[in-house]
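Here is the structure we will look at.
The values are calculated or read from the model by the stated rules, or taken from the named source; none is laboratory data. A quick note: this is a predicted structure, and the numbers were derived from the prediction, not measured. A quick note on method: Cβ atoms are made from the backbone with ideal geometry, for glycine too, and the neighbour counts reach across all protein chains shown. The protein model used for the area step is the full one, side chains on, heavy atoms only, and it has no ligands, DNA or RNA in it. Shrake-Rupley method; radii C 1.70, N 1.55, O 1.52, S 1.80 Å.
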Amino acid sequence: MSTRRRSGARPDPLDATAVRRQLHRRPEVGFLEIETADLAWSLLSDLGWRLRGGGGDLVDVHDHPGLPDRDELDAAVRRAAAQGVPPESVHRFRDGNTAFVAELHGTRPGPLVGLRVDMDALPIQESRSGGHHPAAGGFGSDIDGAMHACGHDGHVAIALRAAALLSDRQFAGTVRLLFQPAEEGVRGAAPMLAAGLVDDVDVLLAVHLGFGTPDGCVAAATELYGTSKLRAEFTGIASHASWAPEQGRSALLAAASAVLGLHALPRYATATTRVNVGTLHAPGAANIVSALAVLGAEVRADAAAEHDDLERRARAVLHGAAAMHGVTVDIARTGWATSATTDGAILARIETLAPSHGLRLLPPRPLRASDDATLFMRRVQERGGLAGYLLVGAGTFGPHHSPTFDLDEAALAPAADLLAALIRSW
C-alpha cells in the first residue's frame, strides 16, 4: 500500500518503521530534500515543536559550491509538487533551503541539547531484486537513480520518534533538532555552522546506523576522518585535433595528468589517509582538443595537520597539471569535515542507560569515514560543551553506499528511546 503524501497519509512519528519506509520510498539527494523536510516539519508541528528554517532566512546556501545545478533544483520542486507537498512547503524548502531546526523547552531550566539529523540520500539506483527487502516489501525507491543507501531515512525516523517521546516536556532545558541536508559530500553542515546554530549548544549528539556495529549494540565512533571535497575546472583552448593540434590546449589531458598525480601523493607515517578521484567529465568529441574538463576528488585523514597538508599537496598537483598543459584551473572546496572524538561523560551516561533499552555499550569502534557532524561537534567542544557520535547496530546487509544496502528496522525504536532517555538525563 502506498504511503505517498499524495494520498494524504501521514505516519505516526512513534512508528519509526512506517516513517522510515515512507522516506525510503522517496529518496532525495543533498539540498533537494523537499519531501523529506516537509514530512519532518509537519509531524513536528503536530507535536508542538517550534520550527525555524527554510526559505533562506535561517541558513544561507546561496552560491554554495556544493549546491546542485538549476535543472536539478527545479526538478525537485516539480517532484515534490506532484507528490502533493503543500505549495507553502515547496516554496519554503526550494532552491536548496532544506535545513531547519526544531526546538522544545522542558518543564525546568537546564542545558541546550542538540541532535544532528541528516536527511539526504545518494545518487545510486536501488536494487530491484526480490531478495532486497525494500523491493520485496513494496517500499523500494520510486525515484530512478536515487536511494537511501546510508541509512539517513532511519536517522530521520529515529529523531521523529525521539521527538514524539520528548513532547511531554518532562526534561530540563531545551532540545534542538538540527535537520541537515547534504551530509553526503559533507556539504550541509558548514552553512548551518556559519548560521551559529550550535554556538549556544551545551551537548551535541549525532547518531549513525550500521557500519558493522553488531545488532543490539551501541558504540562511540573513532577515526572520524577529516576530509575536503574538491572540484577542479580546467579550461583550455579548443582546436582541430588533426589539422591544428598545436594550437589547442587540452583541458582533458591536464585533468588526466592530475588524476595520476593525485593518486600518486605520498602516504603519511603519522596518520591514516585516503585520496580518491571520483568523477571526470569533459564535453566534446574525439576530433576536438578538449577545452573543458571538470574533476571531482577528495582527500581524507584522521588527523587535522595531515589533512591540511594533504589538501595543500592536492591543490599543488592540480595547479601543476594545469601549468604543464598550458591551461587554467579553478578549484572549489565543495564540502569539508574535520576529525572529532566523543566525550567520556556521554559514554558514561550511555553505559548506564543502554541496558534498559535493549542495547549494550561496546568499546569505541573505528568509522574510517567522514561526516560533517564533526564540524558541529568540534564547535561545541571548543566552547566548553560535550559532543558524541554514536553508532547503533542495524544489520549487516549490502555495504553502505551500495544498491543492496538496507537496515534492520528493529534497531530504530531502541535507538530513539535511548536518545530520548539520554536527553532527559541532562
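Structure above, values below:
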| read-out | value |
| --- | --- |
| Which numbered condition residue 234 misses (of (1) touching a residue at least 60 places away in the same chain (Cβ under 8 Å); (2) of a type in the set (A, V, I, L, M, F, W, C); (3) touching a Ser or Thr at 6+ places or on another chain (Cβ under 8 Å); (4) surrounded by fewer than 24 Cβ atoms within 10 Å (Cβ to Cβ)) | (4) |
| Every pair of residues 6+ apart whose Cβ atoms lie under 8 Å, when the first sits in segment 274-287 and is closer than 16 Å to residue 331 by Cβ while the second is among the β-branched types (Val, Ile, Thr) and surrounded by 10 or more Cβ atoms within 10 Å (Cβ to Cβ) | 275/299; 277/259; 279/294; 280/259; 280/294; 281/294 |
| One residue from 190, 195 being over 18 Å from residue 389 (Cβ atoms), open to solvent by 10 Å² or more (accessible area, probe 1.4 Å), at pLDDT 95 or above and among the aliphatic types (A, V, I, L, M) | 195 |
| Members of segment 285-301 found to be under 17 Å from residue 229 (Cβ atoms) and either surrounded by fewer than 17 Cβ atoms within 10 Å (Cβ to Cβ) or touching an Asp or Glu at 6+ places or on another chain (Cβ under 7 Å) (or both), listed by number | 294, 296, 299 |
| Filtered residues of segment 310-320 (kept if open to solvent by 40 Å² or more (accessible area, probe 1.4 Å) and either of a type in the set (D, E, K, R) or touching a Cys at 6+ places or on another chain (Cβ under 8 Å) (or both)) | 312, 313, 315 |
| Meets criteria (acidic (Asp, Glu) and touching a Ser or Thr at 6+ places or on another chain (Cβ under 6 Å)) for residue 126 | yes |
| Pick from segment 37-58, criterion touching a helix residue (DSSP H, G or I) at 6+ places or on another chain (Cβ under 7 Å) and among the small types (Gly, Ala, Ser), ranking: surrounded by the most Cβ atoms within 10 Å (Cβ to Cβ) | 40 |
| Qualifying positions in segment 309-344 - aliphatic (A, V, I, L, M) and outside any helix (DSSP H, G or I) | 327, 329, 331, 332, 337, 340 |
| Selection count where residues are closer than 15 Å to residue 25 by Cβ and part of a loop (DSSP other than H, G, I, E, B), scope segment 125-137 | 5 |
| Residue list for segment 164-182, filter: within 17 Å of residue 99 (Cα to Cα) and open to solvent by 10 Å² or more (accessible area, probe 1.4 Å) | 176 |
| Selection count, segment 199-231, where residues are outside any loop (DSSP other than H, G, I, E, B), β-branched (Val, Ile, Thr) and over 23 Å from residue 399 (Cα atoms) | 1 |
| Selected residue (criterion: farthest from the chain's Cα centre (by Cα)) from residues of segment 371-426 that are free of Cβ contacts under 8 Å to residues at least 60 places away in the same chain and outside any helix (DSSP H, G or I) | 384 |
| Residue that is farthest from residue 382 (Cα to Cα), among those in segment 321-345 that are surrounded by fewer than 16 Cβ atoms within 10 Å (Cβ to Cβ) and free of Cβ contacts under 8 Å to residues at least 60 places away in the same chain | 323 |
| Set 132, 91, 155, 105: member being crowded, with 24+ Cβ neighbours inside 10 Å and out of contact with any helix residue (DSSP H, G or I) (no Cβ under 8 Å at 6 or more places or on another chain) | 155 |
| Hits in segment 164-190 (condition: assigned to a loop (DSSP other than H, G, I, E, B) and either within 20 Å of residue 412 (Cα to Cα) or not hydrophobic (A, V, I, L, M, F, W, C) (or both)) | 167, 168, 169, 170, 181, 183, 184, 185, 187, 188 |
| Residue check, residue 290 over 30 Å from residue 222 (Cα atoms) and in contact with a strand residue (DSSP E or B) (Cβ under 9 Å, 6 or more places away or on another chain) | yes |
| Qualifying residue in segment 237-252 (condition: surrounded by fewer than 24 Cβ atoms within 10 Å (Cβ to Cβ), polar (S, T, N, Q), modelled with pLDDT of 95 or more and part of a strand (DSSP E or B)) | no |
| Residues within segment 210-231 that are surrounded by 22 or more Cβ atoms within 10 Å (Cβ to Cβ) and charged (D, E, K, R), tallied | 1 |
| Residue within segment 49-57 that is within 22 Å of residue 200 (Cβ to Cβ) and touching a residue at least 60 places away in the same chain (Cβ under 8 Å) present | yes |
| Selection count where residues are open to solvent by 50 Å² or more (accessible area, probe 1.4 Å) and either in contact with a helix residue (DSSP H, G or I) (Cβ under 7 Å, 6 or more places away or on another chain) or under 19 Å from residue 23 (Cα atoms) (or both), scope segment 59-81 | 4 |
